[in-house]
1. Count the DSSP beta bridges whose two residues both fall in the stretch 50-175, then state the antiparallel fraction as a percent rounded to the nearest 5.
2. How much length is gained on full extension from Thr115 to Tyr140, taking 0.36 nm per residue of separation minus their Cα-Cα distance?
3. Report, in debye and to the nearest 20, how large the dipole of the stretch 59-175 comes out about its Cα centre when Lys and Arg carry +1 and Asp and Glu carry -1 on their Cβ.
4. Can you pull out the trypsin sites (Lys or Arg not before Pro) in the stretch 44-152 whose DSSP state is coil and whose Cβ has at most 15 other Cβ atoms within 10 Å?
5. Taking 0.36 nm per intervening residue step and subtracting the Cα-Cα distance, what contour gain separates Asn53 from Arg133 on full extension?
6. Given Cα pairs under 8 Å that are at least 6 residues apart, what percent is the relative contact order of the stretch 82-142?
7. Under a 1.4 angstrom probe, counting protein chains only, how are Met149, Met132 ranked by accessible area, largest first?
8. Please report Rg (one decimal) and Dmax (integer) in Å for the Cα set of the stretch 41-99.
Amino acid sequence: MKTRAGKVLAIAVLFVAAPLAIGLARAAGDEARNSGNPQDDAAIRQVVAGFSNGWNTHDAHAMCSSLADDVQWVSWRGDVSHSRKQVEDDHATLFAGLYKNSHRTDAVKAIRYLTPELASVDNYWSMTGAKMRDGSDWPYRAGYVNFLMAKRDGRWVIIVSHTADFNAKAPDASH
């Protein structure tokens with residue numbers, strides 16, 4: 001009986017332990033993929049900080065310095081730009097008008113490494129001091145942006161940006 005009971009117990013442990021071990025191995029693999037080295041994490045956070053600093057000094061060129069030349073940029077309104085120059089020109093216009101008194105705060109919430117040279121970055125932002133297109137005050141805005149970043153020539157750059165505005169207003173029907 002002891003031998004039979006031992007075999008049953010061993011089989012039972014195997015049926016419990018094997019899935020647990022596989023699950024832990026998968027989790028470890030995901031964790032390795034989701035965490036980069038501290039230098040890459042810091043460099044990615046610096047890209048976002050540089051973007052935010054450029055915004056807050058209303059310097060479109062500085063804001064866009066970490067965008068790839070061929071960036072795909074989707075604004076909160078759904079407008080799509082396909083180059084750093086286009087994003088820079090659009091923001092220079094905004095900084096001269098609707099956003100000239102704006103201040104933006106960015107907070108990176110997660111970095112997920114898809115490969116060692118490709119990362120998805122979740123960033124939450126808030127903004128004060130903006131104007132709406134009709135010229136009225138838009139005192140507070142908040143939203144989310146997902147940056148897809150690539151490490152090119154040893155430097156992290158934004159290659160895709162998708163932005164959402166949590167309190168966006170519908171555009172005027174006349175526009």
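1. Rounded to the nearest five, the antiparallel share is 90 percent.
2. Answer, rounded to one decimal: 5.4 nm.
3. Charge dipole of the stretch 59-175: 240 debye, to the nearest 20.
4. Here the sparse-neighbourhood loop sites are Arg77, Lys100, Arg133.
5. 26.4 nm
6. 27 percent
7. Listed by decreasing accessible area, they come as Met132, Met149.
8. Over the stretch 41-99's Cα set, Rg and Dmax evaluate to 11.3, 34 Å.
The values are calculated or read from the model by the stated rules, or taken from the named source; none is laboratory data. Note that this is a predicted model, so its numbers are computed, not measured. Ideal geometry is used to build each Cβ from the backbone, glycine not excepted, and the neighbour counts take in all protein chains shown. Accessible surface areas use protein heavy atoms only, side chains included; no ligands, DNA or RNA. Shrake-Rupley method; radii C 1.70, N 1.55, O 1.52, S 1.80 Å.
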